Amino acid sequence: YSFVFLWTPALGPNGEDIPHGMIFATMMVACMVGSSIASRIMSRPDMKVERYMQGVFLISAGALAVPVFIKFFGLGEGVKGGPITFAGKIQMLGFLVFEAMVGIFWPSMMKMRSQYVPEEVRSTVMNFFRIPLNLFVCVILYNVALFPLSAMFAMCALFLVVAAFLQKKLEMLSSE
């Protein structure tokens, strides 16, 4: 959810004139492509959701780490009102990969929810976990001026690596 608020300033950090509508539409197409990929993956009986989601989390982490590397290598000097920079285009590619992984994430997560969370308590459990999620996003947004964007993306990438580790633990528990 933090990504929704961070992609715009990441692509135009110096006030570059970026085509927001085209970028958003492209991201939605990437998400649809990811969802189509998920349906193909989930239709295969040899693919366990718990296993391939580890890769989804790690690829997502790598995609969100692109702005961190761009900042580290000092790329991305644009001018106010100018076009999107080469570094911005590289970030955009990373963001499209991330959105494709989001497209894989949602149907896969729904499948795991149906497997692990009983239907009679599913809405209660999901709403219970939405509270800390929304508080976390609010804390990030409130403090966005205190941290550079690259730090925010690094934090998101780190959390995705942790998610991959926890997904591995779930896979080990489910195979017992």
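Observations, loosely collected:
- Of the peptides 55-62, 138-145, 10-17, the order by per-residue mean of other Cβ atoms within 10 Å, starting with the highest, comes out as 55-62, 10-17, 138-145.
- Axial C-alpha extent at least 18 Å, average Kyte-Doolittle at least 0.0 - helices from the chain (DSSP): 20-42, 49-64, 86-116, 119-142, 149-174
- Across the options SER43, VAL68, VAL29, the greatest Cα extent toward the positive end of the charge dipole of the range 1-74 (unit charges at beta carbon of Lys, Arg, Asp, Glu) belongs to SER43.
- Sequence ranges 86-96, 104-114, ranked by mean other-Cβ count within 10 angstrom, highest first: 86-96, 104-114
- Charged-residue dipole, Cβ positions (Lys, Arg, Asp, Glu), the range 17-108 about Cα centre, Debye nearest 20: 140
- Calculated log₁₀ intensity ratio I(q)/I(0) where the Debye formula runs over C-alpha points of the range 62-114, q = 0.14, 0.24, 0.31, 0.32 Å⁻¹: -0.48, -0.88, -1.10, -1.13
- Subtracting the Cα-Cα distance of MET109 and SER175 from 0.36 nm times their residue separation leaves 22.0 nm of extension gain.
- Spin-label pair LYS89-VAL139: with each label point 7 Å from Cα along the Cα-Cβ axis, the two points sit 3.9 nm from one another.
- Heavy-atom accessible area per residue - the range 48-99, 1.4 Å, Å²: 53
- Principal axes of the chain: Cα extent on each, largest first, Å: 55, 33, 28
- Taking a straight Cα-Cα cut-off under 16 Å and skipping sequence neighbours fewer than 8 places away in the same chain, the aspartates and glutamates within cross-link reach of LYS168 are GLU50, GLU176.
- The value of relative contact order for the range 62-121, using C-alpha pairs under 8 Å at least six residues apart, is 34 percent.
- Cβ-Cβ FRET estimate between HIS20 and ARG122, R0 fixed at 25 Å, reported to 0.05: 0.10
- Whole-percent carbon and sulfur share, accessible surface of the range 1-91, 1.4 Å: 69
- For the chain, size of Cβ-based charge dipole, Lys and Arg +1, Asp and Glu -1, in debye: 200
- Charge dipole of the range 110-176 (Cα centre as origin; +1 on each Lys and Arg Cβ, -1 on each Asp and Glu Cβ, all else neutral): 100 debye, rounded to the nearest 20.
- Over the range 106-159, equivalent-ellipsoid semi-axes from the Cα gyration tensor in Å: 30, 14, 6
- Taking other residues whose beta carbon is less than 14 angstrom from the beta carbon of ILE23, and scoring Lys, Arg as +1 and Asp, Glu as -1, yields -2.
The values are calculated or read from the model by the stated rules, or taken from the named source; none is laboratory data. Keep in mind it's a predicted model, so treat the numbers as computed, not measured. Please note: Cβ atoms are built from the backbone with ideal geometry, for glycine as well, and neighbour counts cover all protein chains shown. With ligands, DNA and RNA removed, areas are computed over all heavy atoms of the protein, side chains included. Shrake-Rupley method; radii C 1.70, N 1.55, O 1.52, S 1.80 Å.
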